[in-house]
Structure formats: C-alpha cells, structure tokens
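The values are calculated or read from the model by the stated rules, or taken from the named source; none is laboratory data. It should be emphasised that the depicted structure is a prediction, and the values quoted were computed from it without experimental measurement. For neighbour counting, all protein chains shown are included, and Cβ atoms are generated from backbone atoms with ideal geometry for every residue, glycine included.
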Amino acid sequence: METNNIDIAHITEMLETLSEDGLSTIDFDNHRQWLSTLAVRLPELLQIDNELSILRTDYEKRIAGMTKAIAAVDRNRDALKQAVTYLETLPKMSAADLVRNYTLMSARFRDAFPTSFGSPPVSTRRTRGTRAHNT
C-alpha cells in the first residue's frame, strides 16, 4: 500500500514537471528508474488483481448458491423476488461487504439446512428387544 502511495506521488510529480512551466526541471534519469521499477511491478500487480477477481467470483457464486437454496425452501412467497434482488447487488458490493455477506449467508444456510452440518448419523439398526416404530 505504501508503494502505491509513492507511485501516486511520483505520477503527480511527473505531471507537474510536464506542465509548460516545469519542462526545464524534468529529471529523466529519475523518471527512467521509476518506470523501470514500475515495469517490473506491474505484472505482479496484474497477477494479484486476477487472483482477487477469481476469489470475488467464487464468493459471489457461493453466496448465490446458498441464497437460491434458501429461497427454494422458504415458504414466503416473496422469497424468490427478494433473492433475485439481493443477487443483483453482489457485483456492486465492496470486498469487505462481500465477505461480511458471505458470513451472514453461511449462517442462514446452516440454519435452513441444519442436518447438513455435523449431525450424527441416525442408526437404522435395531438392538435386540426393541421394536421399530414410525416417527
């Protein structure tokens, strides 16, 4: 983050020296060195951006899947409309909001489908001397 602030300051300085009044004060060696550094860092930044995009897409898909599943079992008639409206907001959310919503939706999903999460399996074996009964 600090490096980005330094880059922004350097770009601002370059723009100022490129004005009509500052043309005589341009330090080409300094600019060349900074551009060389930036040329090395730019692919790294693009890789990070790509990885963050992949993570964002994954979070959006997970939230969408949980939202659709919850809407499918919800008895509220408006659940599907609310789910669609909610899903349309996902691409506009900040990363922090997306993570927060993922946490909330995960909790709602576990509440909607409690048997999917760690319930002990129900034994179908009868022990000697007990009768089978319908529940």
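One residue stands out in the stretch 1-34 among those that are loosely packed, with under 10 Cβ neighbours inside 10 Å and of a type in the set (A, V, I, L, M, F, W, C): the one that is modelled with the lowest pLDDT, namely Met1.
The number of residues in the stretch 65-95 being in a helix (DSSP H, G or I), under 12 Å from the mean Cα position of the chain (by Cα) and surrounded by 14 or more Cβ atoms within 10 Å (Cβ to Cβ) comes to 1.
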